[in-house]
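Let me begin by presenting the structure, written as structure tokens, before commenting on it.
The values are calculated or read from the model by the stated rules, or taken from the named source; none is laboratory data. What you see is a predicted model, and the numbers here were worked out from it, not measured in a lab. Here the Cβ is made from the backbone with ideal geometry for all residues, glycine too, and neighbour counts use every protein chain on show. Accessible surface is based on the protein model in full, side chains and every heavy atom, while ligands, DNA and RNA are left aside. Shrake-Rupley method; radii C 1.70, N 1.55, O 1.52, S 1.80 Å.
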Amino acid sequence: NRQIAFGVRIENLGGQYDFGSGKVHFRINGGSWQERPLVSTSLNPRAELIPEFALLPAQPVGTLVEWYLSARTTNNQTVTDVDPSTPHESLVANQVVTIFQDNFETNQGWTVTNQNVIEGPWERGVPRGNGTRGDPPNDGDGSGQCYVTGLAAGVDLDGGPTIVTSPVFSMAGSNGIIELKYWMVSYNGTVDDLLIQISNDGGSTWTTVRTIRGGQAGAWTDMKFIASKYVAPTANMRIRLSVSDNPNDSVTEAGLDGVRIRRAQ
């Protein structure tokens, strides 16, 4: 294992940087927060961009490092680069390799499960809507096909949930990053949610990663998360997306595309 070299550049915007007050706050695999001072490589405290760095403790491949930065201004105001309750997430790796990728142009083994669905379950195909009723007018990555609820034009999801589940993938002995694009619209009634979930036991139990609240404006949105923040990585991993219009009183449409799963090595 090697120490993690952490470099930043500090820019004076709304205030003047109190030279030497910068810190990186970090935690390892969800443990207690620690901090390290940022050390400047510049002798000019009034430079436009001030380069600074810190050395974090060495960690094995697959370690999840959450972090954020803080600094003081010369009028003693503490600022952070992000909200500490939603820190940055990084994965320790020599390299990150793709172990599964799907643009849904072919069938790679996703399964759809429907519970009390009246109309509009998940289907793989080319979207046929025009976006006027919440349905995507095209797929998310430009390849043509995706998974979408209510694939036919003018059809949205009624009832549910309808659930689309990935094939099994392995992160045994390591960790990895899951990336995908999602679409979620729900309006004109009870606003519904899209659940993005992960399992490490083949689908016997599930942990919710994100709950996407519906609204009237639709857009393909990129999402990325590190597996170990939610479950311990195993050889029996799956992800799934679940959505319902229940009670059946709203226009609800969801989509999934551009899935890529990468593993730390």
Residues satisfying the stated conditions in region 149-196, i.e. of a type in the set (Val, Ile, Thr), assigned to a loop (DSSP other than H, G, I, E, B) and crowded, with 23+ Cβ neighbours inside 10 Å: none
Residue in region 76-96 that is surrounded by the fewest Cβ atoms within 10 Å (Cβ to Cβ), counting only those that are in contact with a strand residue (DSSP E or B) (Cβ under 6 Å, 6 or more places away or on another chain) and more than 22 Å from GLY20 (Cβ to Cβ): HIS88
Region 225-252, residues that are open to solvent by 30 Å² or more (accessible area, probe 1.4 Å) and assigned to a loop (DSSP other than H, G, I, E, B): TYR230, ALA232, PRO233, THR234, ALA235, ASN236, ASN246, PRO247, ASN248, ASP249
Any hit, region 20-29, residues being in a loop (DSSP other than H, G, I, E, B) and either among the acidic types (Asp, Glu) or closer than 22 Å to ILE177 by Cα (or both): yes
All positions within region 197-224 that are assigned to a loop (DSSP other than H, G, I, E, B), in contact (Cβ under 8 Å) with a residue 12 or more places away in the chain and exposed (fewer than 14 other Cβ atoms within 10 Å of the Cβ): ASP201, GLY202, GLY215, GLN216, ALA217, ALA219
Tally of residues being in a loop (DSSP other than H, G, I, E, B), surrounded by fewer than 17 Cβ atoms within 10 Å (Cβ to Cβ) and of a type in the set (A, V, I, L, M, F, W, C) across region 33-60: 4
Leading residue by the ranking (farthest from ALA217 (Cα to Cα)) among those in region 135-148 that are open to solvent by less than 50 Å² (accessible area, probe 1.4 Å) and of a type in the set (S, T, N, Q): SER143
Neighbours by Cβ (under 7 Å, 6+ apart or cross-chain): first from region 62-84, farther than 16 Å from PRO37 by Cβ and without any contact (Cβ under 8 Å) to a residue 60 or more places away in the chain; second acidic (Asp, Glu) and in a loop (DSSP other than H, G, I, E, B): THR73/ASP18; THR74/ASP18
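For every residue, the table says whether it meets (1) of a type outside the set (Val, Ile, Thr); (2) over 30 Å from GLN265 (Cα atoms).
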| position | (1), (2) |
| --- | --- |
| VAL126 | no, yes |
| PRO136 | yes, yes |
| ASP139 | yes, yes |
| THR149 | no, yes |
| SER166 | yes, no |
| ILE178 | no, no |
| LYS181 | yes, no |
| VAL191 | no, yes |
| VAL209 | no, no |
The listed residue being among the β-branched types (Val, Ile, Thr), modelled with pLDDT under 95 and open to solvent by 70 Å² or more (accessible area, probe 1.4 Å), out of THR106, THR73, THR132: THR132
Residues satisfying the stated conditions in region 8-32, i.e. at negative phi, surrounded by fewer than 13 Cβ atoms within 10 Å (Cβ to Cβ) and at pLDDT 90 or above: GLY31, SER32
